[in-house]
């Protein structure tokens, strides 16, 4: 799993911004629903991802899915559901 994660590791800020673009965050269940997109991205990058030692793609991504095609609102990945459970405890 770690090998696949490292192969899909994305550090390009422009690519991240394009992938996370949108007016309003969707499917917020732990964070307040009225947060701006920028606030959500800041919290997720600098609190959640850095605290877990991973990047956005670890919870939101999928093998063979380009970073700019990730559906950040999707609950399909178990890693995202697990991280969400950890935030509520």
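The values are calculated or read from the model by the stated rules, or taken from the named source; none is laboratory data. Only a predicted model underlies this, so the values are computations on that prediction, with no experimental measurement involved. Using ideal geometry, Cβ is built from the backbone for each residue, glycine included, and neighbour counts are taken over all protein chains shown.
Assorted remarks:
- Test: residue in the stretch 79-88 that is under 12 Å from the mean Cα position of the chain (by Cα), in a helix (DSSP H, G or I) and exposed (fewer than 15 other Cβ atoms within 10 Å of the Cβ): yes
- Residue within the stretch 30-49 that is outside any helix (DSSP H, G or I) and modelled with pLDDT under 75 present: no
- Top-ranked residue of the stretch 48-65 - restricted to ones that are at negative phi and exposed (fewer than 12 other Cβ atoms within 10 Å of the Cβ), ranked as nearest to the chain's Cα centre (by Cα): 50
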